[in-house]
Amino acid sequence: MMLAPPLLHIEAIDRAELNRLLTQWGHRMGPHTRPSYAIEAHHAMFVHGEPVAVTAAGETVRERVGSTSILRVDCVELVRLCAARRDLCRPVLRLWREVLFPAIATVHRRAVAVSYQDEALHTGDLYRFDGWALLARAGGGGRDNRTGRQGRRMKVWGWPPADALSLAAPDTQGCS
């Protein structure tokens, strides 16, 4: 009996390959150009040996996630998610949160995943339908201090929902 090659698999890719695919597929935010922080984990999902979707995980740029109490050291940010066809975003997101995020979180001792979603570009249905919790809204006011660009309205999503919501809640101990 002849063994068939895998029909679908996920493997780690480098930043150059990630950016090549983000550019090829027209990701609205373009290539991933953030500096490397403590976490940099890029993966591609392959069907019949061809890449069809990518994810990029890293640390948040800011020390605190939006207006939440979640600190950079507590989370993994899903920085990019892109697919050759729109209908492949949902399965790669599910596989990322079920398989890749737990492995990344364990290695880096992180509790939750977060992802910022630009309200002008996306409805948020992808995260909502996958069970992520809406943690906060961010951005939208003034200019970004780092880039000088006009701020954009963002939704901040978290996984797993109970842990993310617990960490996101403001710390009121010791306050009167």
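The values are calculated or read from the model by the stated rules, or taken from the named source; none is laboratory data. Values in this document were obtained by computation on a predicted structure and should not be read as measured data. So basically every Cβ, Gly included, is an ideal-geometry build from the backbone, and we count neighbours across all protein chains shown. These accessible areas exclude ligands, DNA and RNA; they are computed on the full protein's heavy atoms, side chains included. Shrake-Rupley method; radii C 1.70, N 1.55, O 1.52, S 1.80 Å.
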**Q.** Which listed residue is within 14 Å of the chain's Cα centre (by Cα), more than 21 Å from Gly124 (Cβ to Cβ) and either open to solvent by 60 Å² or more (accessible area, probe 1.4 Å) or at pLDDT below 95 (or both), from Arg109, Arg34, Arg94
**A.** Arg34
Q | Selection within the range 37-56 - open to solvent by 80 Å² or more (accessible area, probe 1.4 Å) and in contact with a Gly (Cβ under 7 Å, 6 or more places away or on another chain) | A | Tyr37
Q.
Just checking, does the range 17-30 include any residue being at pLDDT below 95, closer than 22 Å to Trp132 by Cβ and surrounded by fewer than 18 Cβ atoms within 10 Å (Cβ to Cβ)?
A. yes
Q) All but one of (1) at pLDDT 95 or above; (2) small (Gly, Ala, Ser); (3) out of contact with any Pro (no Cβ under 8 Å at 6 or more places or on another chain) hold for Ala84; which doesn't? A) (3)
